[in-house]
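Just so you know, all these numbers are worked out from the coordinates, no wet-lab data involved. Just so it is clear, the structure is predicted and the values come from calculations on it, not from any experiment. FYI the Cβ positions are ideal-geometry reconstructions off the backbone, even for glycines, and counts take in every protein chain you see.
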Amino acid sequence: MRRFSIADCRLPIGVTAIFVGALALNIIAAPLAAEAQQATKIPRIGYLSPRPGPSFYDEAFLKGLRDLGYLEGQNVVIEYRWANWGSDQLAAFASELVHRKVDVIVSTGGGAPALAAKHATAAIPIVFVTGDPVGLGLVSSLSRPGGNLTGVNILTTELNAKRLDLLKEAFPGASRVGVLANPGPPVYRTARGHLEEAAGSLGLRLHVKEVRDPKELDTAFAALTKERVDALLVVNDPMLFAQRNRIANLARKTRLPGIYEWREFVEAGGLMSYGADLASLYRQAATYADKILKGTKAMDLPIEQPAKLELVVNLKTAKALGLTLPQSVLIRADEVIR
């Protein structure tokens, strides 16, 4: 049988030239196509949280990404790491995200995950959502963070003095204030220092109960009742926030008027809250992640602070406790739950 050869094609000279030229173009175009595919690789976000799983704040972050055109699983990949309140897990998860070579790490839920991420890498950009980033040593200043970290300051410890002031205005006769706090997070020492200084200037005596585990809440409230405190302040902490319904119920049962950092405590039945809108701050973190993915350096993004602080009051709770709040407090409230 006669074998087929290119010579049998008998292509005209012009057609042969076109064929050879097309072949050469394909050879040249192949690496260009590979480069284009590499240039459009899907960005990866590492998401580090101390919580046991997603909350509506994490959904606010995802909504912020969607508003910016990111669709999870399509044009962005998110590597979630939930530490379930374990500080040792935060360090391991942060190192794991660095090993996964994510493009940016987003740390939420306080200073501990942000510090874990900072200790894990000085190269990968980090966007945090926490209070007192300068005091924690995350950044050198709010306007010029420097290094590979930036993010959102949720003003936790900075507003505790104002919360005590609001308690004093609402209950002028109060002299003893119970403080519920988790001593584990790195921001605790700073928060306690601010509170003690503010209490001294207001003539208040603090009765601090440290709660490391939800199982200790009943004992803490029993101790506050025994010490006959006049009011309650709950220091910001992700674990205590997760227990907000239980804390609000215990405060009502022990007839303790309380002030909290976040409105969600008031929606759960707490008396008052003063702080920022956390959902909007989580959406802002998504904006920071977007800017970094598009090439902006973390050191060039000043720390964002809340544009608005809100006072929320629950009059249903006040009525249940047999309390009448001063008109001066009600007038200043941004929202009153009736």
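Some points to look at:
- Computed from phi, the 3J(HN,Hα) profile of segment 309-321 under the Karplus parametrisation 6.51, -1.76, 1.60 (θ = phi - 60°) reads 10, 10, 9, 10, 10, 10, 6, 4, 5, 4, 5, 5, 8 Hz, with x in place of Gly and Pro.
- Choice from Pro113, Pro172, Pro302 showing the highest fluctuation, given a GNM over the chain with Cα pairs closer than 10 Å: Pro172
- Linear extension gain, Lys319 paired with Arg100, 0.36 nm per residue minus alpha-carbon span: 73.5 nm
- Counting beta carbons within 10 Å around each of His207, His194 and listing the fewest first gives the order His207, His194.
- Ordered by the number of other Cβ atoms lying within 10 Å of each residue's own Cβ, fewest first, Ser273, Ser107 fall into the sequence Ser273, Ser107.
- Answer label, with percent of Cα pairs over 25 Å apart calculated from the coordinates and candidates (i) 49; (ii) 58; (iii) 52: (ii)
- Remark: Met299, Met272, Met239 ranked as Met299, Met239, Met272, counting other beta-carbon atoms within 10 Å and listing the fewest first.
- Choice from Arg244, Arg205, Arg81 showing the highest fluctuation, given a GNM over the chain with Cα pairs closer than 10 Å: Arg205
- Our coupling estimate for segment 234-244, obtained by passing each phi through the Karplus curve with A = 6.51, B = -1.76, C = 1.60 and θ = phi - 60°, is 9, 6, 4, 6, x, 5, 5, 4, 5, 9, 4 Hz, Gly and Pro reported as x.
- Separation of segment 179-233 and segment 97-169, taken as the distance between their Cα centroids, equals 23 angstrom.
- Looking at the chain, the DSSP beta bridges with both ends there are about 10 percent antiparallel.
- Each residue of segment 85-97 is assigned a 3J(HN,Hα), and the resulting list reads 6, x, 5, 5, 5, 4, 4, 5, 5, 4, 5, 5, 5 Hz, derived from the Karplus form 6.51 cos²θ - 1.76 cosθ + 1.60 (θ = phi - 60°), x at Gly and Pro.
- Net charge dipole size for the chain [Lys, Arg +1 and Asp, Glu -1 on Cβ; Debye, nearest 20]: 420 debye
- By the rule of a C-alpha distance below 27 Å, with chain neighbours fewer than 8 residues away ignored, the lysines paired with Lys294 are Lys41, Lys63, Lys101, Lys118.
- Remark: the Ile42-Ile331 segment gains 99.0 nm on full extension, using 0.36 nm per residue and subtracting the alpha carbon distance.
- Taking 0.36 nm per residue of sequence separation and removing the Cα-Cα distance, the Glu169/Lys226 pair yields an extension gain of 18.1 nm.
- Peptide ranges 85-97, 123-135 listed from the most packed, as the mean C-beta count within 10 angstrom indicates: 123-135, 85-97
- Residues of segment 306-338 with amide N under 18 Å of a point placed 7 Å along Cα→Cβ from Thr254: 318, 321-322
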